[in-house]
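Scroll down for the structure; my scribbles are underneath it.
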Amino acid sequence: MSSSEEALKKQRELAATVEAMENATPLLVRAAESQAAVKRAMFLALIREGFTEQQSIELCKGDR
């Protein structure tokens, strides 16, 4: 395979990778929103249970 053919192949592979990332972006955004909602619910539940805000933050930090 010539170097120009190899370069073209790599360029196509890169384009396919970028397209796959673009296609996955909406799902990744939804996952991030869900994770944020769960994290906030955990924080608020800890506050309701009597933990201070700082304690709740620290406990949520460890929940990655």
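The values are calculated or read from the model by the stated rules, or taken from the named source; none is laboratory data. None of these values were measured; they are calculated from a predicted model. Cβ coordinates were reconstructed from backbone atoms using ideal geometry, including for glycine residues, and neighbour counts include every protein chain displayed.
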Residue ID - surrounded by the fewest Cβ atoms within 10 Å (Cβ to Cβ), chosen from residues in the stretch 30-64 that are outside any helix (DSSP H, G or I) and touching a helix residue (DSSP H, G or I) at 6+ places or on another chain (Cβ under 8 Å): Asp63
Residue that is farthest from Gly62 (Cα to Cα) [pool: residues in the stretch 1-44 that are at pLDDT 95 or above and hydroxyl-bearing (Ser, Thr, Tyr)]: Thr17
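Please state which one of Leu8, Leu27 is assigned to a helix (DSSP H, G or I), among the aliphatic types (A, V, I, L, M), at negative phi and loosely packed, with under 10 Cβ neighbours inside 10 Å. Break it down stepwise before answering.
Details: Leu8 fails: loosely packed, with under 10 Cβ neighbours inside 10 Å.
Within the list Leu8, Leu27, the selection yields Leu27.
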